[in-house]
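Single-structure report; data block below.
Throughout, read-outs are computed from the coordinates displayed, never taken from laboratory work. None of the values given here were measured: they were computed from a predicted structure. As a convention, Cβ positions derive from the backbone with ideal geometry for all residues, glycine included, and neighbour counts pool all protein chains shown.
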Amino acid sequence: MKLKKTVVMVGMMGAGKTAVGRALAAKIGAPFLDSDAEIVKAANMSIAEIFERDGEAFFRTKETQVIDRLLDEERGILSTGGGAFLAAGNRALIAEKGVAVWLDADLELLWQRVKHKDTRPLLRTSNPRQTLGDIYDARVPVYSKAELSVKADAKYSIEDMADRVLEALLTRPDVLEA
């Protein structure tokens, strides 16, 4: 398969952007890129530590710089943080240099996946379930602007989701050629 544009995985925390992105990259023989991992490596700090020390605005600036660089460096499957697609500038970069694929998972599925993790700085609140719901309600209208959307389901394995994304990509010969 020939990848003609970078595929950018977008969606909520817990949607599977990294896991599905890795599986998809392996399936099509493309590099896997992860904007959060690049930020952590460059800062030598966790995302939670960056948020705590420098704030979300600083993190978002770095995130845009990393996404822009990764989109320029090589074509592959790029996993982004849950908030990355919210910035109009990031959406424009992705539309210009790649294609956005929204992993559309419902709120209950997301909660089942993130409720036992303490690595989500935005959920460090007195009511993380309510916070996740508020974030979900605010972000879904923005995620729906992605060029492609793939509905997640609790019964799908990571491989199943990667197959569903691959099917969606194959409808776009400007992105992926079989």
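Of all DSSP beta bridges in the chain, what percent run antiparallel (nearest 5)? Write out the running numbers ahead of the final one.
On the way: 2 of 17 bridges.
Roughly 10 percent of the DSSP beta bridges within the chain come out antiparallel.
Extension gain, THR125-GLU167: 0.36 nm per intervening residue step, less the Cα-Cα distance, totals 11.3 nm. Extension gain for the segment GLU73 to GLU177, taken as residue separation times 0.36 nm less the Cα-Cα distance, is 35.4 nm to one decimal.
Provide the gained length on full extension for the span GLU108 to SER144, in nm with one decimal, where the gain is 0.36 nm per separating residue minus the Cα-Cα distance.
On the way: separation 36, 0.36 × 36 = 12.96 nm, distance 1.82 nm.
Contour length minus the Cα-Cα distance gives 11.1 nm.
Arranged from fewest to most other beta-carbon atoms within 10 Å of their beta carbon, PHE58, PHE32 become PHE58, PHE32. Binning the alpha carbon pair distances of segment 1-49 at 10 angstrom intervals from zero yields the distribution 23, 46, 27, 4, expressed in whole percent. Mean residue ellipticity, 222 nm, helices only, the chain: the sum of -39500 (n - 2.57) across DSSP H runs of n ≥ 4, divided by residue count and rounded to 500, is -17000 deg cm²/dmol.
Solvent-free Debye calculation, one equal scatterer per alpha-carbon of the chain: log10 I(q)/I(0) at 0.08, 0.14 Å⁻¹ equals -0.22, -0.72.
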